[in-house]
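Colleague: Structure incoming, see below.
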């Protein structure tokens, strides 16, 4: 029996006047999963996240976290969620430790975990006023608040923005540790290799629609075949193969066994052929970098 | 109310609060000195040469009427110490300080937080939105009366330094009460507008425009009788502390009825805060500008 989903969105839609920012998003995230939400600016990632946090009222559909409705029962939801905004703005008149205590006070619980240890690991002086810190340093403080809250769900919107490479690696380690503790992470990012490094599953948004949902294990197993035919193939594609066609130059995306595709190719006249793992980057590019015709078997 | 948020807001406000409190205390203290000099030296010297009624006409006739209206001195006897002292409570300077405080607080509390992006940080914590408004209201409940009582403190300190004959400061508490209600009314209007906006400066511009328009209407209504019946639209009409201080009169005529000024101002404040509470709880919170 599958675990009860921690995040459950059904037909989630958000309209701003005539503009549809999010279009019937259906999404479930089980407990303990690290889920990557991908898409360029304006694709609806932040809108989906803001609805889940009860900041926006959905125009249609529902979003629930651990069974609590994100709009009608948003306080209960936010008890379960810690959030790192993409556009980070903090109270600059506070010091790092004052901000951490303030946020913990609003949660009604003392700071969990070892603040000193974490600040040393993040290499940051939490006694300094935030006004004296760089944007990367501020992001570290905000990340500390998220980590220390130890909520069942952490939502990280572009968490590695403005972080230096060392800190990015540290953040990915923190996500792995959180995953190992059983925390669920919803991770929105533009940096695909980071998503590939830590996520169990990814969803790709385009113009407010969820256009792709797949586990990273499947993506790693997926192959891309670049082929140039001498003449147009006539036989139908094998099952579980998607093709992008540009006259006689085809790109085939194969889920699962290669054998049926190789047999299909052997029955056609081929000029050139290359086979490689597809990777997340190519999947992402399919939705956001070209307008070639996409067909599936 | 969230105690954590309450203490943080008070901490953020400590220096502006001290500054505004100091200015109000200082002004009312100086006003005692001004009252003493006018009622004991300037006016008696003038009255030796011309009768009071003639002086009144010279000062307040024609364009002088504007000066009289600004002072709120329709029924004030400039030769009486208690009357002139009460003008210190309706003078434009303390009114302006209270207005800046009320508008600044109301605009910062909601639209200012949204504009700065810190509202996103607040509402991502498990705190109901209504608590953000009620906590800000509790802060106003502390700061606005503090500022208003500083007016009385200034008068008290002034009378210690410059003793005035036959002055009882207890009636001036009524002026303080009206000042509190007046500031809350402006604050309520600002909160209502702020709950709909996402730019502090736009909210300030709108609120200042509305309050300025009401102030001008009230002023013109005192200068021209034809505009007089429209004065009750302005919140400033209900802020006439001289009546409360000098005559213990709390009601003012509105369309042939006697209306309690304190109740009107507190009613406006209550409606403003209630609207802000409702609107802020229902609205979408957009990403920071």
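Colleague: Does residue B:33 count as over 23 Å from residue B:142 (Cα atoms), assigned to a helix (DSSP H, G or I), more than 14 Å from every other protein chain (Cβ to nearest Cβ) and modelled with pLDDT under 85? So that I can check it myself, show each step before the final result.
Modeller: Values: over 23 Å from residue B:142 (Cα atoms): yes; assigned to a helix (DSSP H, G or I): yes; more than 14 Å from every other protein chain (Cβ to nearest Cβ): yes; modelled with pLDDT under 85: no.
For residue B:33, the condition - over 23 Å from residue B:142 (Cα atoms), assigned to a helix (DSSP H, G or I), more than 14 Å from every other protein chain (Cβ to nearest Cβ) and modelled with pLDDT under 85 - is not met.
Colleague: Does residue B:280 satisfy the criteria of being within 14 Å of chain A (Cβ to nearest Cβ), closer than 25 Å to residue B:119 by Cβ and buried (at least 18 other Cβ atoms within 10 Å of the Cβ)?
Modeller: Yes: the conditions hold for residue B:280.
Colleague: Name the pairs: first residue in the stretch A:62-87 and closer than 30 Å to residue A:163 by Cα and away from every other protein chain (no Cβ under 11 Å), second residue surrounded by fewer than 20 Cβ atoms within 10 Å (Cβ to Cβ) and at pLDDT below 95, Cβ to Cβ under 6 Å, at least 6 apart or on different chains?
Modeller: Pairs that qualify, where the first residue is closer than 30 Å to residue A:163 by Cα and away from every other protein chain (no Cβ under 11 Å) and the partner is surrounded by fewer than 20 Cβ atoms within 10 Å (Cβ to Cβ) and at pLDDT below 95, are A:65/A:80.
Colleague: So, in the stretch B:1-21, how many residues would count as being without any contact (Cβ under 8 Å) to a residue 60 or more places away in the chain and more than 13 Å from every other protein chain (Cβ to nearest Cβ)?
Modeller: Residues that pass the stated criteria total 2.
Colleague: So, residue B:256, is that one modelled with pLDDT under 95, more than 16 Å from the chain's Cα centre (by Cα) and buried (at least 17 other Cβ atoms within 10 Å of the Cβ) or not?
Modeller: No.
Colleague: Oh, and also: Taking the options A:41, A:72, A:123, name whichever one is at pLDDT 90 or above, surrounded by fewer than 17 Cβ atoms within 10 Å (Cβ to Cβ) and outside any helix (DSSP H, G or I).
Modeller: On the way: A:41 fails: at pLDDT 90 or above; A:123 fails: at pLDDT 90 or above.
That would be A:72, the only listed residue that is at pLDDT 90 or above, surrounded by fewer than 17 Cβ atoms within 10 Å (Cβ to Cβ) and outside any helix (DSSP H, G or I).
One line per residue, one yes/no per condition, for (1) out of contact with any helix residue (DSSP H, G or I) (no Cβ under 7 Å at 6 or more places or on another chain); (2) buried (at least 17 other Cβ atoms within 10 Å of the Cβ); (3) modelled with pLDDT under 95; (4) within 18 Å of residue B:94 (Cβ to Cβ):
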| site | (1), (2), (3), (4) |
| --- | --- |
| B:238 | no, yes, yes, yes |
| B:275 | no, yes, no, no |
| B:285 | no, yes, yes, no |
| B:288 | no, yes, yes, no |
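Colleague: Being in contact with a strand residue (DSSP E or B) (Cβ under 6 Å, 6 or more places away or on another chain) and over 24 Å from residue A:205 (Cβ atoms): is that true of residue A:249 here?
Modeller: yes
Colleague: On to the next question. Looking at A:216, A:153, A:163, which one is surrounded by 15 or more Cβ atoms within 10 Å (Cβ to Cβ) and modelled with pLDDT of 85 or more? Steps first, please.
Modeller: Values: A:216 fails: modelled with pLDDT of 85 or more; A:163 fails: modelled with pLDDT of 85 or more.
Exactly one of A:216, A:153, A:163 is surrounded by 15 or more Cβ atoms within 10 Å (Cβ to Cβ) and modelled with pLDDT of 85 or more, namely A:153.
Colleague: Can you name the residue in the stretch A:100-114 that is modelled with pLDDT of 85 or more and closer than 22 Å to residue A:175 by Cα and, of all such residues, is farthest from the other protein chains (Cβ to nearest Cβ)?
Modeller: A:100
Colleague: Please go through the stretch A:81-120 and give me each residue that is more than 16 Å from residue B:121 (Cα to Cα) and not in a loop (DSSP other than H, G, I, E, B), ordered by number.
Modeller: Matches in the stretch A:81-120: A:115, A:116, A:117, A:118, A:119, A:120.
Colleague: Same structure again: Could you check, for the stretch B:252-272, whether at least one of its residues is in contact with a helix residue (DSSP H, G or I) (Cβ under 7 Å, 6 or more places away or on another chain), within 30 Å of residue A:71 (Cα to Cα) and within 14 Å of another protein chain (Cβ to nearest Cβ)?
Modeller: Checked against the condition, which is being in contact with a helix residue (DSSP H, G or I) (Cβ under 7 Å, 6 or more places away or on another chain), within 30 Å of residue A:71 (Cα to Cα) and within 14 Å of another protein chain (Cβ to nearest Cβ), the stretch B:252-272 yields no hits at all.
Colleague: OK, next. Of all residues in the stretch B:81-119, how many are out of contact with any helix residue (DSSP H, G or I) (no Cβ under 9 Å at 6 or more places or on another chain) and touching a residue at least 60 places away in the same chain (Cβ under 8 Å)? Before the answer, list the steps.
Modeller: Residues of the stretch B:81-119 that are out of contact with any helix residue (DSSP H, G or I) (no Cβ under 9 Å at 6 or more places or on another chain), as a first pass: B:96, B:117.
From what is left, the residues that are touching a residue at least 60 places away in the same chain (Cβ under 8 Å) are B:117.
Number satisfying all stated conditions: 1.
Colleague: With over 18 Å from residue B:107 (Cα atoms), at pLDDT 95 or above and surrounded by 22 or more Cβ atoms within 10 Å (Cβ to Cβ) as the only criterion, which of B:180, B:189, B:144 stands out?
Modeller: B:180
Colleague: Another question, if that's okay. Failed condition for residue B:125, given (1) in a loop (DSSP other than H, G, I, E, B); (2) buried (at least 24 other Cβ atoms within 10 Å of the Cβ); (3) away from chain A (no Cβ under 14 Å), with all others met?
Modeller: (3)
Colleague: Within the stretch A:142-153, work out how many residues are touching a strand residue (DSSP E or B) at 6+ places or on another chain (Cβ under 9 Å) and over 14 Å from residue A:86 (Cβ atoms). Spell out how you get there, then give the answer.
Modeller: At the first step, the residues of the stretch A:142-153 found to be touching a strand residue (DSSP E or B) at 6+ places or on another chain (Cβ under 9 Å) are A:142-143, A:145-153.
Next cut, over 14 Å from residue A:86 (Cβ atoms) only: A:145, A:147-153.
Here the count works out to 8.
Colleague: Here's a follow-up. Checking the structure you have, find out if any residue of the stretch B:162-173 is under 19 Å from residue B:240 (Cα atoms) and within 14 Å of the chain's Cα centre (by Cα).
Modeller: No - not one qualifying residue is present in the stretch B:162-173.
Colleague: In this structure, does residue A:202 turn out to be in a strand (DSSP E or B), touching a strand residue (DSSP E or B) at 6+ places or on another chain (Cβ under 8 Å) and closer than 19 Å to residue A:269 by Cα?
Modeller: On the way: in a strand (DSSP E or B): yes; touching a strand residue (DSSP E or B) at 6+ places or on another chain (Cβ under 8 Å): yes; closer than 19 Å to residue A:269 by Cα: no.
Considered against the rule, which asks whether it is in a strand (DSSP E or B), touching a strand residue (DSSP E or B) at 6+ places or on another chain (Cβ under 8 Å) and closer than 19 Å to residue A:269 by Cα, residue A:202 comes out as no.
Colleague: Let me ask you something else. Specify which of the listed residues (B:143, B:155, B:190, B:159) is over 20 Å from the mean Cα position of the chain (by Cα) and part of a helix (DSSP H, G or I).
Modeller: Working: B:143 fails: over 20 Å from the mean Cα position of the chain (by Cα); B:155 fails: over 20 Å from the mean Cα position of the chain (by Cα); B:190 fails: over 20 Å from the mean Cα position of the chain (by Cα).
Within the list B:143, B:155, B:190, B:159, the selection yields B:159.
Colleague: Kindly indicate whether any position in the stretch B:110-121 is in contact with a strand residue (DSSP E or B) (Cβ under 9 Å, 6 or more places away or on another chain), in a helix (DSSP H, G or I) and more than 20 Å from residue B:236 (Cα to Cα).
Modeller: Of the residues in the stretch B:110-121, the ones in contact with a strand residue (DSSP E or B) (Cβ under 9 Å, 6 or more places away or on another chain) are B:120-121.
Now drop any that are not in a helix (DSSP H, G or I), which leaves B:120-121.
From what is left, the residues that are more than 20 Å from residue B:236 (Cα to Cα) are B:120-121.
Looking through the stretch B:110-121, at least one residue is in contact with a strand residue (DSSP E or B) (Cβ under 9 Å, 6 or more places away or on another chain), in a helix (DSSP H, G or I) and more than 20 Å from residue B:236 (Cα to Cα).
The values are calculated or read from the model by the stated rules, or taken from the named source; none is laboratory data. Note that this is a predicted model, so its numbers are computed, not measured. Glycine also receives a Cβ, built like all others from the backbone with ideal geometry; neighbour counts cover every protein chain displayed.
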